[in-house]
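J.: Below are the structure tokens for one structure; questions will follow.
The values are calculated or read from the model by the stated rules, or taken from the named source; none is laboratory data. Since we're looking at a predicted model, the values are computed, not measured. Cβ placement follows ideal geometry from the backbone for every residue including glycine, while neighbour counts extend to all protein chains displayed.
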Protein chains: 2
Amino acid sequence: MRQDWLRWRALATPRRLAVLFEARSLSYAELDRLADGLATALAACQLKPGDRVATHLHSSIEAIALIHAVARVGAVLVPLNIRLTASERARQLSLVEPQLLINDNETVSTNSDSKPQETRTLADLVYHEPQCGLEPQALRPSPPQPGEPQVQSIIFTSGTTGTPKGVQLSFDNHFWSATASAYHLGVHTNDRWLSCLPLYHVGGLAVVFRSCLYGTAIVLQRSFDLEQFQRSLRQDEVTLTSLVPTMLHRLLHSSPATVWPQSLRMVLLGGAAAPADLLAAAKEADVPVAATYGLTETASQVATALPADVQRKPDSVGRPLLFTETRIADADGNTLPHGQIGEILVRGPQVMAAYFRNPAATDSALRDGWLYTGDMGRLDADGDLYVLQRRTDMIVSGGENIYPAEVEAALREHPAVADVCVVGLPDSEWGQRCAAAVQLRAGETLSHDALLSFSRTRLAGYKQPAANLIRFVDALPLTASGKIARQEVERQLRGWADSHQPKIK
Amino acid sequence: MRQDWLRWRALATPRRLAVLFEARSLSYAELDRLADGLATALAACQLKPGDRVATHLHSSIEAIALIHAVARVGAVLVPLNIRLTASERARQLSLVEPQLLINDNETVSTNSDSKPQETRTLADLVYHEPQCGLEPQALRPSPPQPGEPQVQSIIFTSGTTGTPKGVQLSFDNHFWSATASAYHLGVHTNDRWLSCLPLYHVGGLAVVFRSCLYGTAIVLQRSFDLEQFQRSLRQDEVTLTSLVPTMLHRLLHSSPATVWPQSLRMVLLGGAAAPADLLAAAKEADVPVAATYGLTETASQVATALPADVQRKPDSVGRPLLFTETRIADADGNTLPHGQIGEILVRGPQVMAAYFRNPAATDSALRDGWLYTGDMGRLDADGDLYVLQRRTDMIVSGGENIYPAEVEAALREHPAVADVCVVGLPDSEWGQRCAAAVQLRAGETLSHDALLSFSRTRLAGYKQPAANLIRFVDALPLTASGKIARQEVERQLRGWADSHQPKIK
């Protein structure tokens, strides 16, 4: 696979618009020059091919150039979620042992337990003065090397155990993902992809590679800000955008109302199952929603229903993309017939080869060439996929994945807590919100606030249960085998929330 | 590379339109079923992977299905030009030694010198009854096999010596060609590619693979017929078409005038350099011409200038496509600076690996990973390519390549002919027309008609010199080294034609 995609793109269409960000725009030739400067600076850090470069960055033009620069020097990108706490971050850093950590500024703390690595700010690298003897990269990228697919990045995802797992995505994975997407959604030479998803999420990263391969433009937002997003829709001749349901909900219920431009040909809606009322509101507003199902482990899309398909079957994500297969399996991995619900399995060239340094997790997820997603779904007689539930107990809130096991482990550390069960409750804006049933030790008392101040040091904000969705209970319901009966907890919390809350919006 | 593209496409989008031909339309699922029947019939012929299947077919839906069926059984397609004479055809057949020859009907003669091969009509295969024990292909294509890229077809091209050379194109070559094209021209999900180029030309074959990979439709024509083409433009919601200059000339000068539909987003114009007056007429008629440069050896496009680029620089074919490189070299292969004229060299994943059983020709054409095209051109300071002349003495007439050496060798066989020189004269409709200066043996006489009846048994019609462009001369002009002075012959013939012909249209 020819990895230095930006260089190739700059050679093919140097003058085409590459990225538009906060009123600044770069052509592919300009973005390539920026990446070249960053690559020279990285080379000065004595990085060897295969070394890992962790990043802790907000979205910016420089952050996009850095993604290409890391590829140019043959290093592996490890984009950290900037919403993590210091201890969560330290855990990921100690697992990947990066040779270099690149921050927005110097205040990012890392736990002292982790192996110390060289740390630079992105600005340092941008304004790096080439030292004597360090040549800028040669104009033409080297021809592809045969052999193992080269790893582009390691992106963390938490498993059901709450232990972070590093998904290794290769250039091959991204190439096939981008190409299968092109051959399903189409590519228009004037496409502009409005992207507000973080670059440390596969959804945001995939837009960078798609745009570069296609020679089309990214309209990048620092994050999702309703007004800025609306302004961009009005001004920037946007043709495509990727949203999670929460964002679409806000856009559809905003005041003043969102003006959806004529140029917009598709809104790729993913990250979580789209509620029926949200799709109905989108239809009402004539927003061309394409419902998609994807995972970090598959470098984004597995299946996408185009707007016309969504009109026909609003709850389906369509058939798998080209060269991609799905099947529905029972607990033993046997294929189930149409209509039956089981685990969604995926096979295709966009599926990761392994988790980073975690053979047990890899062996569990990849069997006989199939990725066991942990997500539940079914196929209909047409072969269209319906995703019924993301990984059995996973909560998706505002596009972020939350693993109850991780939240429960953090809350359980509080000395007053005996046990805890975390579930997702439906929410029309967030998709789901995190709720907790907490059983205290005999004789202990604890306030909501005290519990939350405790957990805030251990868990990123988006993983915290909502203050008004924490319920202290005398005992958690158990199954016959003595495990916590999650469905019963969910039922109880839902009933309690309905009766005690003014309204779960 | 995943070779059974039709099966994958039918799995991804079974209901999308695949092909429209003479008021008959097939979805991808239907085309896949047709190909499956043909593959079963081919399997019954005891074909082994790597065996060659020669075809001598007009364009049809079945001919498209056969291209996919040959891929499905792992055989190599050898699509013969149906305009060849029996002796030309026999020469190609004896070179490739196909296990099977598939005809439109049983009257296609082959020279008895060639090794006899099994012959079937396409209709036989379509109506083949599966024999006991022959299973239709399994629903899911097998995963890709690592190793050497698999050859999809052998397409004949004549060299400067006039000896046919078999260009071996792999699935990889076609994949990268189609993908680089998609990432330059764009893909719209509603694309319909009107194709009147023969399926035995790389231009026609490439449309089959592009459409299949993209999941878009081919509007297939049996051949270029002005009225039918105009009707299709009016009726079939065509968005793209491929034309050679002669066809575009006729469309622009027809009566009644051609109605170019709003849906048409690009006319890919290739096969020969486009005359300036043709491009001016296209601009006048607001036809969105994309000027392209491609070769059989590169599975079609190397560079393509989009319509906006053609407006800016009418005589350029733009920059090379993604992952493709061009350079201009002197006679020793040294790169020449911008602006200087030299041979066009091409490198990229769409370049063939070798000619079939012709190591001498392969070594001459491929050196250090670069394809020496034999075409002359230059690059400007922007890196845009200008093609000044196809292979030094090659004549391109109505999109067909004619090699003077081949025509001269055939004419020289006539007992009255001492020597002959064939050149191309410019023609606004045909691009070029074949003209000949013929020197007779002392004391011999020969009429135009007698010479042409002689050559008609040896050369396909499109290779014949025009009757009014044959000139009998006393002696051919020679260079200092005693070779025929081609440029001088061309100058003389051009002057003679201008003064003796009513008008070279």
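J.: Could you run through segment A:362-397 and say how many residues are assigned to a loop (DSSP other than H, G, I, E, B) and at pLDDT 85 or above?
T.: 7
J.: Run down B:214, B:183 and say which single residue is among the aromatic types (Phe, Trp, Tyr) and within 23 Å of residue B:346 (Cα to Cα).
T.: Matching residue, one of B:214, B:183: B:183.
J.: Give me the pairs: first residue in segment B:337-366 and small (Gly, Ala, Ser), second residue part of a loop (DSSP other than H, G, I, E, B), beta-carbon distance under 6 Å, and six or more apart or on different chains, which are they?
T.: Here the result reads B:342/B:330; B:342/B:336; B:348/B:323; B:348/B:324, each pair linking segment B:337-366 to a residue that is part of a loop (DSSP other than H, G, I, E, B).
J.: If you take the residues of segment A:149-166 that are of a type in the set (Val, Ile, Thr) and surrounded by fewer than 24 Cβ atoms within 10 Å (Cβ to Cβ), which of them is nearest to the chain's Cα centre (by Cα)?
T.: A:157
J.: Among the residues of segment A:168-192 satisfying the criterion of being of a type in the set (A, V, I, L, M, F, W, C) and either within 14 Å of chain B (Cβ to nearest Cβ) or surrounded by fewer than 22 Cβ atoms within 10 Å (Cβ to Cβ) (or both), which is nearest to the chain's Cα centre (by Cα)?
T.: Taking segment A:168-192 and keeping what is of a type in the set (A, V, I, L, M, F, W, C), we get A:169, A:171, A:175-176, A:178, A:180, A:182, A:185, A:187.
Filter again for either within 14 Å of chain B (Cβ to nearest Cβ) or surrounded by fewer than 22 Cβ atoms within 10 Å (Cβ to Cβ) (or both), leaving A:171, A:175-176, A:178, A:180, A:182, A:185, A:187.
Values: A:171: 17, A:175: 17, A:176: 18, A:178: 16, A:180: 19, A:182: 20, A:185: 20, A:187: 23 Å.
If we take residues in segment A:168-192 being of a type in the set (A, V, I, L, M, F, W, C) and either within 14 Å of chain B (Cβ to nearest Cβ) or surrounded by fewer than 22 Cβ atoms within 10 Å (Cβ to Cβ) (or both), then A:178 is nearest to the chain's Cα centre (by Cα).
J.: So which residues in segment B:466-475 are part of a helix (DSSP H, G or I) and either surrounded by fewer than 19 Cβ atoms within 10 Å (Cβ to Cβ) or among the charged types (D, E, K, R) (or both)?
T.: Listed by number, the residues that qualify are B:467, B:468.
J.: Still on this model: Could you list, in sequence order, the residues of segment B:321-333 that are more than 7 Å from every other protein chain (Cβ to nearest Cβ) and in contact (Cβ under 8 Å) with a residue 40 or more places away in the chain?
T.: B:324, B:326, B:327, B:328, B:329
J.: Which ones in segment A:92-124 are at pLDDT below 90 and under 22 Å from the mean Cα position of the chain (by Cα)?
T.: Across segment A:92-124, the qualifying residue is only A:108.
J.: Which fully enclosed helices (runs of 4 or more DSSP H) of segment A:1-72 have 3 or more residues being away from chain B (no Cβ under 14 Å)?
T.: Working: elements: A:5-12, A:28-44, A:61-72.
Counting at least 3 such residues, we get A:28-44, A:61-72.
J.: So residue B:83 fits all but one of (1) touching a Pro at 6+ places or on another chain (Cβ under 7 Å); (2) outside any helix (DSSP H, G or I); what number is the exception?
T.: That leaves (1) as the condition not met.
J.: Which one is nearest to residue B:497 (Cα to Cα), of the residues in segment B:430-453 that are within 27 Å of the chain's Cα centre (by Cα) and of a type in the set (A, V, I, L, M, F, W, C)?
T.: Filtering first and then ranking leaves B:435.
J.: From B:430, B:496, grab the single residue that is touching a residue at least 12 places away in the same chain (Cβ under 8 Å), buried (at least 17 other Cβ atoms within 10 Å of the Cβ) and not assigned by TED's automatic domain parsing to the domain that holds residue B:245.
T.: Of the residues listed, the single one that is touching a residue at least 12 places away in the same chain (Cβ under 8 Å), buried (at least 17 other Cβ atoms within 10 Å of the Cβ) and not assigned by TED's automatic domain parsing to the domain that holds residue B:245 is B:430.
J.: Select from segment A:290-318 the residues that are surrounded by fewer than 24 Cβ atoms within 10 Å (Cβ to Cβ) and within 12 Å of chain B (Cβ to nearest Cβ) and list them in ascending order.
T.: Hits for segment A:290-318 are A:306, A:307, A:308, A:309, A:312.
J.: Which residues, taken from segment A:194-210, are away from every other protein chain (no Cβ under 14 Å) and not aliphatic (A, V, I, L, M)? Give the steps one after another, and end with the answer.
T.: In the first step, residues of segment A:194-210 are kept if they are away from every other protein chain (no Cβ under 14 Å); the result is A:194-208.
Listed by number, the residues that qualify are A:195, A:196, A:198, A:200, A:201, A:203, A:204.
J.: Also: With A:213, A:199 as the choices, which residue is assigned to a loop (DSSP other than H, G, I, E, B) and within 20 Å of residue A:296 (Cα to Cα)?
T.: A:199
Here's the yes/no breakdown for (1) modelled with pLDDT of 85 or more; (2) surrounded by 15 or more Cβ atoms within 10 Å (Cβ to Cβ):
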{"position": "B:434", "(1), (2)": "yes, yes"}
{"position": "B:441", "(1), (2)": "yes, no"}
{"position": "B:444", "(1), (2)": "yes, no"}
{"position": "B:464", "(1), (2)": "yes, yes"}
{"position": "B:481", "(1), (2)": "no, no"}
